[in-house]
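Enquirer: Starting off with a structure, shown below.
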Amino acid sequence: MWSGRAGYGFVAAYTVLLIAFGLVPTGYAVYFAFTDGGGTFSGLSNFSTAVSDFRFTPAVEHVALYLLWWLVSLVVLVVGLALLLHRLASRGVSRALRFLYYVPGALAGAASVMVWLFVLDPTVSPVAFLLRAFGYHTFGEVIAPGHLPILFTLIAFWTGAGGWIVVMYGALNNISQDVLEAARIDGAGAWQTAWRIQIPLLRKWIVYMLILAFAGGTQLFVEPQLLSQASVGVAGRDYSLNQLAYDFAFQNNDVNTAAAVSVELLLVGLVVAGVFVARSGFFDAD
Amino acid sequence: MTAKVRAVGVHTPGGTRRRAGLLATAGALALVTVGACGGGGGSGGNGSHGDFHPVKQTGGALTVWVDASRMDAAKLYQKQHPDVKMNIVSYDGDANGSNYLRTKVSLFDRTRKGWPDVVFSSQNNETTWAVDAGFTAPLNKGLIPESTLSGWAKGANTPCTVNGTLYCLRNDLAQTVLWYNAPLMKQWGYQVPQTWEQYQALGQKVATEHPGYLVGSGGDTWAPELYMWPSKCGANQITGPKAVTVNTTSAECTRMASLLDTLIKNKTMSMSSVFSSDFDKNQAAKILMMPGPSWFGGALFQGTFKTPAHQIAVAPMPKWSADPGSTAGNVGGGTWLLSAHSANLKAATAFLTWVTTSDDYQAKLAPGYPAYTSAAKSWLAKQAASDFFAGDISSPMQAAANEVWPGWGYGQFSQEAVWAATVTPKLTAGKTIASLLPAWQSAIANYARAAGYKVTQ
């Protein structure tokens, strides 16, 4: 009886925070998106203002291209590294590797990006020789607009993927030894075990990772914003949709259109999550 | 031109991770939610018509926002006036177009409290939004006497004036001059160029005779102000409160574009920002000449580059041989704004007057050329006494202060940001400025329209 009430207590604290900092601001953003500066209902006009803005289409393209790079590299590398880690577990190096993978993620987000600002500047970078080998001698050459999706993917991977590797590793550990043993007896090698047993059993975790990474990726903001500041504008301060929303709100003093952009992002995130969940049988009981 | 001019080379990246963008928005919206209960959206009562109604004067501590370079000013005032209760807040001064002040003011407008009494900004265009937002108090309607206001250099307060009402005070001028290495010029037997044609010819000579040496830098966000403005290129002719004429393909623009292209090609014009680590490490010691604002002397040569004394000299900006006289551009020069919401107008006005006119700060401590004429004279005397510069810097600086081309306006959209995002990356990729002039024009027009301007091309 008492333990049940304690449970409500824990959930209540979370629920209050979720309402205060999740649902209320979201509801308020939706209200803004459908009203004008004076608070009267304006239908979809804020949405059409946003979509017809000359910065909107490039921003959508930038984010789409970035998402492609980021999601593909995330799935391939995170799953690959987790499998490798799992394989190495018996040899006693996995603990060190898990720590190593996790370290970048433990750095505060902005600090991680700051580290990359140094890494990408050939004058001060510890890997300047690599940058020079690619033919880049100045910061401006490294952060050329065409490189940005890959650079943001690198930064995001470095800061965010370690945690997912640890999660996947945990999920791999949950696969019954009997199943793996049976596969081995049937003659499956490491590759076949991974492809036919482990990856299918990781499917829900991969979908979960994709949903969160997609939602996070559409909100691309800090990487381009910091890079823009560091490059004094060369990297573009309206590169992503979130930056565009920020510009609408605080450069053009148009909070309503800014809210419309964020509501669009929310809708896209929800729809994509819905598709992933429906297609993957995410909520099916095992 | 909301963003934009870094006054004295402050690099201030900051922020949090991607999700923080959402968190910040959520936080902002939460604040907005609270504010909405108080009526939302409203602001103080001056508007853009000068009908200023001060809030109830309750006194109390004076809240002053300054950037790192102006911190000395606030501290000195506090030291000299221990009886004034001051709350000195350090912020980025809107450097690099951070728009921090505008963002905060729009939130304060909603929560109806929190505005600073006096604030420094490294942007000259704050009045383009601050007057409409009702944030700034009119200064020439009884707050500061005309006898004081007449002491500013001619045209210095133009960016602060809206419909004849003065809404801010210019801190420093940032007129462009030609900085050059006097001993090196002498040693190599070169004459300081008086025309842009001579400047280009000298650049070509340097490329063959002393490769690696520089005659300028076009890699900064303020390249348009340094080169296009003094060439009288009409990229940014603000013709009304919300009207701009943009023409980047006139002869005045193409002549400078072609000059820059020639010098970029022969590598005597650097494509790195003068405040980048790359420039500092590889090129700072290779400057023969460099067009730059008056603050380059202290902030760049003396401060960042640690150039040895008696090397750097100042000449007027070159003129085009077809033009009657020399024309200067302008790169920055900050402003001080007084809040219309201040409950302590008397103390705020006293501080504002002191900080902009006092020799103790403007002449003795300030890094930039003071906009207040008598302080500028003392500042120049101090520069002369510092024994850092080669020769007399006073006359070319004073002359340039009166030669800034008035055709380049202070709009709400950023010329620097447009140039940085549109032109610089393509220059890095090997295109010429001449070929990018139409793209530059359409980008300016797009950003101007987005900021609500009627654009004539």
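Enquirer: Among the residues that make up region B:404-415, is at least one of them under 30 Å from residue B:128 (Cβ atoms), aliphatic (A, V, I, L, M) and more than 9 Å from chain A (Cβ to nearest Cβ)? Spell out the reasoning first.
Expert: As a first pass, look at region B:404-415 and keep what is under 30 Å from residue B:128 (Cβ atoms): B:404-415.
From what's left, aliphatic (A, V, I, L, M): B:404.
Okay, now just the ones that are also more than 9 Å from chain A (Cβ to nearest Cβ), so B:404.
Yes, some residue in region B:404-415 is under 30 Å from residue B:128 (Cβ atoms), aliphatic (A, V, I, L, M) and more than 9 Å from chain A (Cβ to nearest Cβ).
Enquirer: Any chance you could count how many residues in region B:382-421 are free of Cβ contacts under 8 Å to residues at least 60 places away in the same chain and touching a Ser or Thr at 6+ places or on another chain (Cβ under 8 Å)?
Expert: Looking only at that region, the number is 1.
Enquirer: For residues in region A:144-174 being among the polar types (S, T, N, Q) and closer than 19 Å to residue A:112 by Cα, which is modelled with the highest pLDDT? So that I can check it myself, show each step before the final result.
Expert: Within region A:144-174, the subset among the polar types (S, T, N, Q) is A:153, A:159, A:173-174.
After this cut, where a residue has to be closer than 19 Å to residue A:112 by Cα as well, the list is A:153, A:159.
Working: A:153: 92, A:159: 81.
Looking at residues that are among the polar types (S, T, N, Q) and closer than 19 Å to residue A:112 by Cα, I get A:153.
Enquirer: Scan B:279, B:301 and give me the residue that is in a helix (DSSP H, G or I), of a type in the set (Phe, Trp, Tyr), within 14 Å of chain A (Cβ to nearest Cβ) and buried (at least 22 other Cβ atoms within 10 Å of the Cβ). Before the answer, list the steps.
Expert: Values: B:301 fails: within 14 Å of chain A (Cβ to nearest Cβ).
The unique qualifying residue is B:279.
Enquirer: Condition (residue is assigned to a helix (DSSP H, G or I), small (Gly, Ala, Ser) and more than 18 Å from residue B:168 (Cβ to Cβ)) applied to region B:72-79: is it met by at least one residue? Let's see the steps before the verdict.
Expert: Our first condition is that a residue be assigned to a helix (DSSP H, G or I); within region B:72-79, this holds for B:72-79.
Those still in the list that are small (Gly, Ala, Ser) too: B:73-74.
Add one more test, that the residue is more than 18 Å from residue B:168 (Cβ to Cβ), and what stays is none.
Within region B:72-79, not a single residue is assigned to a helix (DSSP H, G or I), small (Gly, Ala, Ser) and more than 18 Å from residue B:168 (Cβ to Cβ).
Enquirer: Quick one: in region A:32-55, of everything that is in a helix (DSSP H, G or I) and in contact (Cβ under 8 Å) with a residue 60 or more places away in the chain, which residue is farthest from the other protein chains (Cβ to nearest Cβ)? It would help to see each step written out before you state the result.
Expert: Quick first cut of region A:32-55, residues in a helix (DSSP H, G or I) only: A:32-33, A:45-52.
Going one step further and asking which of them are in contact (Cβ under 8 Å) with a residue 60 or more places away in the chain, we end up with A:32-33, A:46-47, A:49-50.
Numbers: A:32: 8, A:33: 12, A:46: 15, A:47: 16, A:49: 10, A:50: 11 Å.
Per the stated criteria, the residue is A:47.
Enquirer: Specify the residue that is surrounded by the fewest Cβ atoms within 10 Å (Cβ to Cβ); the eligible residues are those in region B:90-129 that are within 11 Å of chain A (Cβ to nearest Cβ) and hydrophobic (A, V, I, L, M, F, W, C).
Expert: B:107
Enquirer: Still on this structure, I have one more. Taking helices (runs of 4 or more DSSP H) that do not extend beyond region A:196-286, which have at least 3 residues that are at the interface with chain B (Cβ under 10 Å from one of its Cβ atoms) and surrounded by 23 or more Cβ atoms within 10 Å (Cβ to Cβ)? Explain how you work it out, then say what you get.
Expert: Numbers: elements: A:199-218, A:222-230, A:241-250, A:255-280.
In region A:196-286, the matching helices (runs of 4 or more DSSP H) lie at A:222-230, A:241-250, A:255-280.
Enquirer: Could you grab me the full set of residues in region B:129-147 that are more than 17 Å from residue A:252 (Cβ to Cβ) and β-branched (Val, Ile, Thr)? I'd like the intermediate steps shown before the answer.
Expert: If we filter region B:129-147 for residues that are more than 17 Å from residue A:252 (Cβ to Cβ), which is where we start, we get B:134, B:136-147.
Once the filter is applied, which keeps residues that are more than 17 Å from residue A:252 (Cβ to Cβ) and β-branched (Val, Ile, Thr), region B:129-147 yields B:136, B:144.
Enquirer: Name the pairs: first residue in region B:241-264 and charged (D, E, K, R), second residue buried (at least 18 other Cβ atoms within 10 Å of the Cβ) and not in a helix (DSSP H, G or I), Cβ to Cβ under 6 Å, at least 6 apart or on different chains?
Expert: Between residues of region B:241-264 that are charged (D, E, K, R) and residues that are buried (at least 18 other Cβ atoms within 10 Å of the Cβ) and not in a helix (DSSP H, G or I), the close pairs are B:242/B:453; B:252/B:231; B:252/B:232; B:252/B:233.
Enquirer: In region B:367-382, what residues are surrounded by 22 or more Cβ atoms within 10 Å (Cβ to Cβ) and part of a helix (DSSP H, G or I)? Even if it seems obvious, please write down each step before you answer.
Expert: Step one: of region B:367-382, the residues surrounded by 22 or more Cβ atoms within 10 Å (Cβ to Cβ) are B:368-372, B:375-376, B:379.
The answer is B:375, B:376, B:379.
Enquirer: Select from region B:335-366 the residues that are over 25 Å from residue B:385 (Cα atoms) and either among the polar types (S, T, N, Q) or assigned to a loop (DSSP other than H, G, I, E, B) (or both) and list them in ascending order.
Expert: Scanning region B:335-366 gives B:335, B:339, B:340, B:341, B:342, B:343, B:344, B:349, B:353.
Enquirer: Which condition does residue B:331 not pass, out of (1) within 22 Å of residue B:71 (Cα to Cα); (2) at pLDDT 95 or above; (3) touching a Pro at 6+ places or on another chain (Cβ under 8 Å), if it passes all the others?
Expert: In the conditions (1) within 22 Å of residue B:71 (Cα to Cα); (2) at pLDDT 95 or above; (3) touching a Pro at 6+ places or on another chain (Cβ under 8 Å), residue B:331 misses (2) alone.
Enquirer: Scanning for something farther than 21 Å from residue B:95 by Cα, in contact with a helix residue (DSSP H, G or I) (Cβ under 7 Å, 6 or more places away or on another chain), among the β-branched types (Val, Ile, Thr) and surrounded by fewer than 24 Cβ atoms within 10 Å (Cβ to Cβ), does region B:412-426 turn up at least one residue?
Expert: No, the conditions are met nowhere in region B:412-426.
Enquirer: If you don't mind, there's one more thing I want to ask. So residue A:101 passes all but one of these: (1) in contact with an Asp or Glu (Cβ under 9 Å, 6 or more places away or on another chain); (2) away from chain B (no Cβ under 14 Å). Which condition number does it fail?
Expert: (1)
Enquirer: Give the residues of region B:432-452 that are free of Cβ contacts under 8 Å to residues at least 12 places away in the same chain and within 12 Å of chain A (Cβ to nearest Cβ), sorted by residue number.
Expert: Here is the first cut: in region B:432-452, the residues free of Cβ contacts under 8 Å to residues at least 12 places away in the same chain are B:435, B:442, B:446, B:449.
Passing the criteria: B:442, B:446, B:449.
Enquirer: A further question on this structure: Conditions first: (1) farther than 25 Å from residue A:240 by Cα; (2) in contact with a helix residue (DSSP H, G or I) (Cβ under 9 Å, 6 or more places away or on another chain). Residue A:73 passes all but one, so which condition is the exception?
Expert: The failed condition is (1).
Enquirer: Right, something else. Tell me, yes or no, whether region A:105-113 has at least one residue that is more than 12 Å from chain B (Cβ to nearest Cβ), in contact with an Asp or Glu (Cβ under 9 Å, 6 or more places away or on another chain) and hydrophobic (A, V, I, L, M, F, W, C). First the steps, then the outcome.
Expert: Within region A:105-113, the first condition is being more than 12 Å from chain B (Cβ to nearest Cβ), and the residues that meet it are A:106.
Still in the running and in contact with an Asp or Glu (Cβ under 9 Å, 6 or more places away or on another chain): none.
Looking through region A:105-113, none of the residues is more than 12 Å from chain B (Cβ to nearest Cβ), in contact with an Asp or Glu (Cβ under 9 Å, 6 or more places away or on another chain) and hydrophobic (A, V, I, L, M, F, W, C).
Enquirer: Tally time: how many residues in region A:243-260 are farther than 28 Å from residue B:219 by Cα and polar (S, T, N, Q)?
Expert: Within region A:243-260, residues that are farther than 28 Å from residue B:219 by Cα and polar (S, T, N, Q) number 3.
Enquirer: Would you check if there is a residue in region B:426-439 being outside any loop (DSSP other than H, G, I, E, B), within 21 Å of the chain's Cα centre (by Cα) and β-branched (Val, Ile, Thr)? Spell out how you get there, then give the answer.
Expert: So in region B:426-439, the residues outside any loop (DSSP other than H, G, I, E, B) come out as B:426-428, B:433-439.
Still in the list and also within 21 Å of the chain's Cα centre (by Cα): none.
The answer is no; no qualifying residue exists.
The values are calculated or read from the model by the stated rules, or taken from the named source; none is laboratory data. Computed from a predicted structure; not experimentally measured. Every residue, glycine among them, receives a Cβ derived from its backbone with ideal geometry; neighbour counts consider all protein chains shown.
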